[in-house]
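Worksheet: one structure, shown below.
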Amino acid sequence: MALPGRFVLNMTPVTIQCRAPLGAEATAFRIYRDGSSEPRDTEQGPQPEDTGSLQITVMTADRAGQYHCQYGQHGHWSLPSVPLNLVMTGAYGQPTLSRTAGSEEAAVTAGAAVRLQCVSTIRFDVLVLSKEEDSTITFQNAGPQGKVCQSVFSLDNITSTQAGTYRCYGHFHTDPLLWSSPSDPLQLEVRALATDGPEHSESRPPTEAPGKAVPRDPRPPLAVPEGSGFLKKYREVLIGVPVATVVLLLLLFLLLYCCKARSKASPEGRQPAGARVSQAKDPEEVTYSQVTCRAPAQGTGASRPTPTQTSEYVTLALK
């Protein structure tokens, strides 16, 4: 691996390290660049923690390339390591990295899409987008646009792992490890997506906009009593309402019955003294009335009975 990184600015130092597997007891290390005439970058002897290193004090174009390392053990050399591409930057002028129209917000919500545009006045063959934190790189062929070249890098369905510092570079096909100076850094922030769903949602009071007051309800909030006492009272009310209704209906029925009975028991009218009337049961039958005549005695204030006369019956016809 390379320290501080495999993208090395022109005329700056870099260190390449080679580490043997655990327990290998390496006695020598060899670090070399592909295409060199001999493995001249070699260090002998054990290194701390079984590690060999190659110091490059000044990075130049001839130091850029693909490096391998080997470790020696009892006169035998291991197989070559996985290649390390050491890139020299600063060979050309820097491009410009920016966000495209519609994605200029400082922070992007997770799941959204971001478009990063790299533009250079040098007609590069390839433009490269790099993320500094994990050395992630993306290559795209540069598209000529008049006197400049440009490329748009799409970050779709973005996540928090893609937040960080981005730069872009340019290079030619003939020298793929000689890159331009890096663009100015572009910081990308990612906001976490809200997780409040309908099942977890809760009512929130209205927020007040600056300079505008939100009307509030003057009524106090309704307090709902809790506990078994409230449920007991609620059941009593449910039972008491129909019982009271039945009692009121019974009282009303008794009142109506009493009024009707009293009206039937009242007399239809008074008959004259000494008169007896025989009423017919049928409205069309004849009704007889017996009349007793008495005359007051002369000279006295008290009446005396006159001899009883023969009763006469008068026929009354009802029309």
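Things worth noting here:
- Just one of the listed residues (ALA101, ALA113, ALA91) is surrounded by 14 or more Cβ atoms within 10 Å (Cβ to Cβ) and among the aliphatic types (A, V, I, L, M), and it is ALA91.
- Some residue of region 106-115 being modelled with pLDDT of 90 or more, under 29 Å from PRO144 (Cα atoms), charged (D, E, K, R) and not in a loop (DSSP other than H, G, I, E, B): yes
- Within region 91-114, not a single residue is of a type in the set (Phe, Trp, Tyr) and free of Cβ contacts under 8 Å to residues at least 60 places away in the same chain.
- The residue pairs whose first member lies in region 52-78 and is at positive phi, whose second member is modelled with pLDDT under 90, and whose beta carbons are closer than 7 Å, counting only pairs six or more residues apart or on different chains, are GLY65/ASP34; GLY65/GLY35.
- Listing of strands (runs of 3 or more DSSP E) fully contained in region 122-168 that carry 2 or more residues being within 23 Å of VAL87 (Cβ to Cβ) and out of contact with any Ser or Thr (no Cβ under 6 Å at 6 or more places or on another chain): 126-131, 136-141, 148-155
The values are calculated or read from the model by the stated rules, or taken from the named source; none is laboratory data. Quantities reported herein were computed from a predicted structural model and do not represent experimental measurements. Because the Cβ atoms are built from the backbone with ideal geometry, glycine has one as well, and the counts that use them run over all protein chains shown.
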